[in-house]
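Chemist: Sharing a structure here in structure tokens format.
The values are calculated or read from the model by the stated rules, or taken from the named source; none is laboratory data. Computed from a predicted model, the values in this text were never measured in an experiment. Using ideal geometry, Cβ is built from the backbone for each residue, glycine included, and neighbour counts are taken over all protein chains shown.
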Amino acid sequence: MQRVPLQEAVDTYKEEIMLVEQRIEKLVNGMQKLNAIVSKYPGPGFTDGVYGESAPLKPETVQRDANAMAQEGRNLRVGIIGRVKAGKSSLLNALMFAGKDVLPKAATPMTASLTVLRYSEQANPYAEVEYFLPEDVNDMRLLAEEYDERFRIALAERQKAAEEKAARPGARAVPKPDPERLNASVKRELDADPRLGGAKDMYERIRVAGGLPANETQRIEGRDLADLQTKLADYVGAGGRFTAFTKCLSLYLPLPALEGVDVVDTPGVNDPIRSREERTMEELHNCDVVFVVSPSGQFLNQQDLELMGRLTYKDGVREVFLVASQIDGQLFGSERDKHNGRLPDVLQGLRQTLAGQAGSTLAALPRGTEGLETLRSQLAERLVVTSSVAYALLTQPESDWDDNARHTWSLLSTSYPAECAQVTSAKSLLEAMAGIAQTELMLEQVRGRKQAITEEKINAFLNDQAKALRGYLDGAPEAVRRNREEIVNAKSGDLEEKLSAMQGFREAAVRATNVAVGDIAEDAGESLRRQINSKVQELFSGAQNTAEQSKDYEVEYTDPSALRKVASFLTLGLVSAERTSKSVQSVDSTKIRSALEGFQASFSTQITTLVDNTRQGLRKKIEAGILAALREHKVVNDRDIDTTRLAQACRSALAMVRDFDDPELPSLPSNLMQNGTLKGSDASSYESAALEYLAQLKKLAAKEARVLTKSFEERLNAADVGNALFAHYEEHLNGIKAQIQDRDKTLQRYDELLVELQELQSYV
């Protein structure tokens, strides 16, 4: 398959990045030159008014942030999610590696690691394996102990029930319970929970192996792809020596298909290891596009919904696509008969059926996430059917076909003789079945949109900074000329008079200023506290409503035993032989967990926004409050206070009420790190634990609000705006006084400064 468009897109974007880098370099150089000029001509009257009301970002900050934005857009991040044996590896191999089996063999559901594929310029491929940490093993141990305790309780209950049944009158012929069968039954039930069963399996493997490897990471070199694959079997294979220890795997491959692309292959839901689950979530939500792979024969089942439930946490993934895999298995039998044996109609009919199924299934997922909302509204364009077998038939010579490919082609040529007499004549239909071209087109389109978004983001940032720089340079010459004129006209006696007057009113002015700032700080803190508490209540109510809506009740029926049926017959119905029923509670733990994690994530973001908004509105309030206080107490006339110096002092004060530590809430406890539907006692226990944790979150959030707003007030009061204001004013007057003592030399420096500013203007 041709991959030229993808490579062309990568090359084009690299050229665009080079142009962006040139813009960054020129802008940063200009900012550095301006800073050098400011440093060369220090002191009141020279460059103290160059930056006006706001100081610019530091050149190193601009360079770092701009480069980070550019770096963001260099690689498209593609996430692949799907249940085990859904066809993820086949899709990735076809999409990225022209059908070659580059990815490691599928791991067991219990030990599936997070895998990230990246491009490497190194000739030989290599892998970096990250092992579990001691705290990860401790998490496994706790879950394994929970597994053992639940096993003990369940086994005892079943043994008791079996013994009671055997002891009933008329049941003398019932054999005693078989311990092995009871053990196996309980084990099957507990192993069905991937969280508990996986932790138990992994912990036992690590315990038997004698503990973790000495190093936290390991690098594995391969002579070529085949050699690397062979070596990786020890780390990610179902029976690998180190599989139980492997937390994450990063593959660095010298493949052109990976240039400009990072691929993230995620493990399934209910990961028993909290740190890996968190890492997976982080990687997933850093993705630009996610492909959800689901087998056509069991399209979008409950497990798929649980996987997609991850995408409702935070608002990270912007592009979501559905891949209905293994479509070749649905082309025969009733589907063929329904469309009179015409393969194009069968394919179209299957696609319509799957689209309808997807539409109704997606309606059950929570709303609000941009990626899923776009998927719902553009389902026709974002659903693709695929077949790795069809792709193999297209791309491999017949001599390389495996048994599955040969069997599928035999069925196709027998069932659809008109369309599938030869591979060459069936090429267009096989391409439609393979779906790789359509999938690749989706990827290309996303890449194109992401480049545009990234370019706009970078350009907007650079334009804003360049505009600010030009603003400083446009205003600086006038400020310098004004300061120069002040030196020309200044008289030493007048300055002495101003300094003397200021000494007279300074103490009272400082006191009045700080009282005014204190009042403003108290009002601002109280207002901020009310806003935070209101936001906490809003988040709490939203999570509580989600928990309530996740509940449901099902009716379970139990058929009467054979013994009870006999008793009913012998007693002419006095002993009932009817089915019994009971109502069983169920909860969607995915929804509840997502709501709790959303509370945690939103709290920090929302509070930080409220603090920033409050701080931004304070400067003008403080300036106005200070002037009003000074006038009210008649400690100073308006002509005796420089409003520019006042603004500078206020900015210094407000610099002390920024950079607060982000408020933190406790991590989700291990008993709440579940996904999927829970029933009976498990459901009620999970709901109770979730509501208890939510109440704890609310309490801690309110405490964080009190601590933050108190710190806000204390910092603002500690800024001592009054002394800062008048100390700056006194420093300025003394500076001017010193400059006029050597007036000619001072004026010469002003002229030299103007020349350098004008030269920089022409550069920018």
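Chemist: Please verify whether GLN739 is in contact (Cβ under 8 Å) with a residue 60 or more places away in the chain and either of a type in the set (A, V, I, L, M) or surrounded by 18 or more Cβ atoms within 10 Å (Cβ to Cβ) (or both), treating the condition exactly as stated.
Modeler: The answer is yes for GLN739.
Chemist: Being surrounded by 20 or more Cβ atoms within 10 Å (Cβ to Cβ), part of a loop (DSSP other than H, G, I, E, B) and either on the phi < 0 side of the Ramachandran plot or in contact (Cβ under 8 Å) with a residue 60 or more places away in the chain (or both): is that true of GLN674 here?
Modeler: Here the answer is yes, as GLN674 does meet what is asked.
Chemist: Does GLU704 satisfy being assigned by TED's automatic domain parsing to the domain that holds ALA508 and touching a Gly at 6+ places or on another chain (Cβ under 9 Å)?
Modeler: Spelling it out, it is not the case that GLU704 is assigned by TED's automatic domain parsing to the domain that holds ALA508 and touching a Gly at 6+ places or on another chain (Cβ under 9 Å).
Chemist: Out of all the residues in segment 202-213, is one or more among the charged types (D, E, K, R), closer than 30 Å to SER589 by Cα and either in contact with a helix residue (DSSP H, G or I) (Cβ under 6 Å, 6 or more places away or on another chain) or in a loop (DSSP other than H, G, I, E, B) (or both)?
Modeler: Scanning segment 202-213 turns up at least one residue that is among the charged types (D, E, K, R), closer than 30 Å to SER589 by Cα and either in contact with a helix residue (DSSP H, G or I) (Cβ under 6 Å, 6 or more places away or on another chain) or in a loop (DSSP other than H, G, I, E, B) (or both).
Chemist: Can you pull out every residue in segment 253-287 that is closer than 22 Å to SER90 by Cβ and modelled with pLDDT under 70?
Modeler: Correct list: GLY268, VAL269.
Chemist: Does ARG579 satisfy the condition of being over 22 Å from ARG506 (Cα atoms), modelled with pLDDT under 65, of a type outside the set (Gly, Ala, Ser) and assigned by TED's automatic domain parsing to the domain that holds ALA521?
Modeler: Considered against the rule, which asks whether it is over 22 Å from ARG506 (Cα atoms), modelled with pLDDT under 65, of a type outside the set (Gly, Ala, Ser) and assigned by TED's automatic domain parsing to the domain that holds ALA521, ARG579 comes out as yes.
Chemist: Which one is nearest to the chain's Cα centre (by Cα) among residues in segment 195-224 that are aliphatic (A, V, I, L, M) and at pLDDT 80 or above?
Modeler: Filtering segment 195-224 for residues that are aliphatic (A, V, I, L, M) and at pLDDT 80 or above, the one nearest to the chain's Cα centre (by Cα) comes out as ALA199.
Chemist: How do the pairs read when you match residues in segment 193-219 that are more than 15 Å from THR246 (Cβ to Cβ) with residues anywhere that are charged (D, E, K, R) and assigned to a helix (DSSP H, G or I), using Cβ under 7 Å and keeping only pairs 6 or more apart or on different chains?
Modeler: Close Cβ pairs satisfying both conditions: LEU196/GLU146; GLY197/ASP191.
Chemist: To continue, here is another question. Only one of ARG529, ARG481 is outside the structural domain of LEU733 (by TED's automatic domain parsing) and modelled with pLDDT of 80 or more. Can you tell me which?
Modeler: ARG481
Chemist: Residues being of a type outside the set (Gly, Ala, Ser), more than 15 Å from the chain's Cα centre (by Cα) and either within 25 Å of SER594 (Cβ to Cβ) or modelled with pLDDT of 85 or more (or both): count how many of those fall in segment 308-337.
Modeler: Residues flagged as of a type outside the set (Gly, Ala, Ser), more than 15 Å from the chain's Cα centre (by Cα) and either within 25 Å of SER594 (Cβ to Cβ) or modelled with pLDDT of 85 or more (or both) within segment 308-337 amount to 8.
Chemist: Quick check on my filter: what residues within segment 231-254 are closer than 21 Å to PHE291 by Cα and not polar (S, T, N, Q)?
Modeler: CYS248, LEU249, LEU251, listed by residue number.
Chemist: Next up: Please specify each residue of segment 714-764 satisfying the condition of being more than 19 Å from ALA479 (Cβ to Cβ), in a helix (DSSP H, G or I) and among the acidic types (Asp, Glu).
Modeler: If the condition is that a residue be more than 19 Å from ALA479 (Cβ to Cβ), in a helix (DSSP H, G or I) and among the acidic types (Asp, Glu), then GLU714, GLU730, ASP744 are the ones that fit.
Chemist: Name the helices (runs of 4 or more DSSP H) wholly within segment 337-426 that hold at least 2 residues that are touching a Lys or Arg at 6+ places or on another chain (Cβ under 9 Å) and either under 21 Å from ALA86 (Cβ atoms) or among the acidic types (Asp, Glu) (or both)?
Modeler: In segment 337-426, 343-362, 370-377 are the helices (runs of 4 or more DSSP H) which contain 2 or more residues that are touching a Lys or Arg at 6+ places or on another chain (Cβ under 9 Å) and either under 21 Å from ALA86 (Cβ atoms) or among the acidic types (Asp, Glu) (or both).
Chemist: Can you run down the residue pairs with Cβ atoms below 6 Å, 6 or more apart or on separate chains, where the first is in segment 221-232 and surrounded by fewer than 14 Cβ atoms within 10 Å (Cβ to Cβ) and the partner is in a helix (DSSP H, G or I) and of a type in the set (A, V, I, L, M, F, W, C)?
Modeler: none
Chemist: Condition test on LEU716, is it buried (at least 18 other Cβ atoms within 10 Å of the Cβ) and touching a residue at least 40 places away in the same chain (Cβ under 8 Å)?
Modeler: Spelling it out, LEU716 is indeed buried (at least 18 other Cβ atoms within 10 Å of the Cβ) and touching a residue at least 40 places away in the same chain (Cβ under 8 Å).
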